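Data block below; observations after.
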Ligand code: SAM
């Protein structure tokens with residue numbers, strides 16, 4: 001069955017035969033499309049439609065392949081409810097930034113919780129930090145874990161770290177049960193606020209995150225696009241400024257296959273030791289045993305990520 005037949009309740013997948021088009025009420029009137037070589041998996045879990053396809057390798061830019069050590073084709077693509085979650089080509093940008101923006105901002109993190117992130121990419125990045133002793137992950141959908149292990153071994157490699165504890169369940173319920181002050185860092189690697197991730201964008205959830213963090217602990221959440229979702233971002237910033245009494249900052253980065261080509265991150269710290277997110281204090285140490293060079297993150301792009309265009313800065317600073 002080609003992508004044309006791949007339909008999802010949240011988005012109609014294809015208007016051009018042989019292409020996957022990401023049509024969603026989250027970005028009305030526009031759709032990013034990728035040419036499909038072959039659909040590799042299609043399933044429906046208790047929570048969402050899950051699809052994996054091989055993107056066509058039509059893109060010509062060999063220079064990218066050699067110079068940037070970034071593949072010139074998008075490779076395999078993970079889609080949930082008709083929305084692209086990751087491609088092999090550009091997942092590094094998102095996984096590295098959502099992980100190292102918080103973890104490089106605090107000294108000596110030891111206990112980290114990932115909410116969502118079922119593909120394992122954030123786990124792969126968290127594991128680079130040798131000070132960390134415990135990595136908990138709460139992912140609601142086991143199908144995402146299984147599919148990622150089968151089709152995205154370089155992403156799901158994060159599950160192989162001995163410090164990882166996988167919990168299959170709702171992140172909202174998981175956090176409610178966590179003892180106060182348990183974690184140094186929480187990373188909320190969620191899908192969009194339509195479907196199972198809806199509650200992960202609401203005030204009560206952020207309150208449970210704050211309670212689960214130690215004084216001066218940090219949280220980083222996926223925080224949508226400044227081009228498309230300023231209304232969502234406004235609410236997130238207002239809630240976070242009310243709940244987190246340490247630092248509250250918005251950062252952003254480029255991910256070509258995300259809607260509008262960018263994604264944002266909300267970074268907050270609880271009251272306690274001051275956290276300056278804009279100036280990393282904990283570089284990914286030389287004895288990063290992963291032996292995989294970073295493809296995207298570095299300390300300069302860390303600081304630059306907090307520089308916002310005026311239209312976004314005005315809204316975010318006003319909250
Ligand atoms: N890490 C990916 C990337 O590179 O962009 C994108 C996000 S990841 C696939 C989003 C995950 O959040 C999905 O696996 C989804 O099942 C999970 N999720 C959504 N709602 C959740 C909830 N309430 N609790 C736990 N996990 C949830």
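Please treat every number below as a calculation from the coordinates, not as lab data. All figures in this text were calculated on a predicted structure; none of them were measured in a lab. Cβ sites come from the backbone with ideal geometry, for glycine too, and all protein chains shown count toward neighbours.
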Original post:
If one computes the Cα centroid of segment 86-162 and of segment 191-241, what distance in Å separates the two points?
Top reply: 18 Å
**OP:** Decide, for segment 228-311, between rounded, prolate and oblate: order the square roots of the alpha carbon gyration tensor eigenvalues as a ≥ b ≥ c, take rounded if a/c falls under 1.5, and otherwise choose prolate if a/b is larger than b/c, else oblate.
**Re:** oblate
**OP:** Order by neighbour count: 128, 292, fewest other Cβ atoms within 10 Å first, most last.
**Re:** 292, 128
**OP:** Pairs of Cα atoms under 8 Å, at least six residues apart: use those to get the relative contact order of the chain, whole percent.
**Re:** 15 percent
Original post:
Quick one, what does Rg over Rh come out to for segment 185-240 if you take C-alpha atoms and the Kirkwood Rh?
Top reply: 0.96
Original post:
For segment 102-186, max minus min Cα coordinate along each principal axis, in Å, sorted largest first?
Top reply: 35, 28, 19
Original post:
Can you put 144, 178, 112 in order, fewest other beta carbons within 10 Å first?
Top reply: 178, 144, 112
Original post:
Which value in nm describes the separation of the simple spin-label points at residue 46 and residue 235, placed 7 Å from the Cα toward the beta carbon?
Top reply: 2.6 nm
Subject >> Gain upon complete extension [residue 130, residue 317; 0.36 nm per residue less C-alpha separation] >> reply: 63.8 nm
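Quick check on the chain: of the DSSP beta bridges with both residues there, what percent are antiparallel, nearest 5%?
On the way: 33 of 53 bridges.
Of the beta bridges lying entirely in the chain, close to 60 percent run antiparallel.
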**OP:** Above 28 angstrom, tally the Cα pairs of the chain and express them as a % of all pairs, no decimals.
**Re:** 36 percent
Original post:
Hey, rough spin-label estimate for residue 310 and residue 276, points 7 angstrom out along Cα→Cβ, what's it come to in nanometres?
Top reply: 2.8 nm
Subject >> Set of segment 141-179 residues, backbone N closer than 19 Å to the point 7 Å along the Cα-Cβ line of residue 292 >> reply: 144-166
Original post:
Ranking 99, 221 by Cβ neighbours within 10 Å, fewest first, what do you get?
Top reply: 221, 99
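Starting from 0.36 nm per residue, how many nanometres of slack lie between residue 176 and residue 71 once their C-alpha separation is accounted for?
Working: separation 105, 0.36 × 105 = 37.80 nm, distance 4.07 nm.
Gain on extension, residue 176 to residue 71, equals 33.7 nm.
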**OP:** Please give the contour-minus-distance gain from residue 160 to residue 110: 0.36 nm per residue of separation, less the Cα-Cα distance, rounded to one decimal in nm.
**Re:** 16.2 nm
Original post:
Counting only DSSP beta bridges with both residues in segment 19-169, what percent are antiparallel, rounded to the nearest 5?
Top reply: 65 percent
**OP:** For segment 30-171, just the Cα set please: Rg and Dmax, both in angstrom.
**Re:** 15.9, 45
